[in-house]
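One structure is given below, encoded as structure tokens.
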Amino acid sequence: MNHTQQNRTNRTKWAVFTAATLGYGLFYVCRLSLNVVKKPIVDTGYLTETELGIIGSALFFSYAIGKFVNGFLADRVNVRYLMAGGLLVAALVNAALGFAVPFWAFVILWAVNGWFQSVGGPCSVIALNRWFTEKERGTVYGFWSASHNIGEAMTFIIVASVVSVLGWRYGFLGAGMVGLLGTLLIWRFFHDTPES
């Protein structure tokens, strides 16, 4: 590999790291949006606390099963497409919830969100494993693991700000918009393998 190719590979490798870290953080914005809007939803009488508990558990069950299935799938497909597609669906689900769907539809949509949320972690880990050497992986994974905190911070800053000004429906719409931006980031900078 000549010097120019090596530089290009290094730039791409760090672009993949950045897209994996920020992209996975943005999955969290689409996952934690419900936590921010719970109180306003209950206060308006749109849903009860019991209904919110059922909705929340729908995500966790589908996420748990999806983590197993999608981890298996991520080993066999192009992780760029899988991760971008997963965040795209999560973003669209959040946007749809801004339109005040009935309780049963909310449960189904939030379960769908959980399923597609489960692709983010496996895709990120696989890509980082493909792009970084064994000696680099501990450091890279250490920094990548901050994506959870980045996503949480963005959720409570962005979504909470939108909710406080415009109401809970716009909190979901705002999370959806953030997710769409994350989808573009992943699509542009996240690459499957150095060979690709």
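The values are calculated or read from the model by the stated rules, or taken from the named source; none is laboratory data. Model, not experiment: these values are computed from the prediction. Cβ sites come from the backbone with ideal geometry, for glycine too, and all protein chains shown count toward neighbours. For the accessible areas, the whole protein counts, side chains as well, though only heavy atoms, and no ligand, DNA or RNA atoms are used. Shrake-Rupley method; radii C 1.70, N 1.55, O 1.52, S 1.80 Å.
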What nm distance separates the two modelled labels at ILE150 and ALA15, each placed 7 Å from Cα along Cα→Cβ?
1.6
In nanometres, what is the gap between the two model label sites at GLU51 and HIS3, each 7 Å from Cα along Cα-to-Cβ?
6.6
Using a 1.4 angstrom probe and counting only protein chains, how large is the accessible area of ILE150 in Å², to 10?
60
In whole percent, and with a 1.4 Å probe on the protein chains, what portion of the accessible area of segment 113-196 is carbon and sulfur?
67
Leaving out ligands, DNA and RNA, and with a 1.4 Å probe, what % of the accessible surface on segment 47-97 is carbon or sulfur?
74
Scalar couplings 3J(HN,Hα) for segment 173-187 by Karplus 6.51 cos²θ - 1.76 cosθ + 1.60 (θ = phi - 60°), nearest whole Hz, x for Gly and Pro, are 5, x, 4, x, 5, 4, x, 5, 4, x, 4, 5, 4, 5, 4
Approximate spin-label separation ALA64-TYR81, in nm, with each point projected 7 Å along Cα-to-Cβ
3.1
Which whole-number value in Å² is the accessible area per residue of the chain, probe 1.4 Å?
50
Gyration tensor on Cα atoms of segment 84-193, a ≥ b ≥ c root eigenvalues, a/c under 1.5 rounded, else prolate if a/b beats b/c, else oblate, says prolate
The chain - percent relative contact order, Cα under 8 Å, separation 6 or more:
42
Specify the inter-centroid distance of segment 86-111 and segment 62-84, based on alpha-carbon positions, in whole Å.
20
In deg cm²/dmol, rounded to 500, what helix-only [θ] at 222 nm does the chain give when every DSSP H run of at least 4 residues adds -39500 (n - 2.57) and the total is split over its residues?
-28000 deg cm²/dmol
For 167-177, 153-163, ranked highest to lowest by mean beta-carbon neighbours within 10 Å, the order is 167-177, 153-163
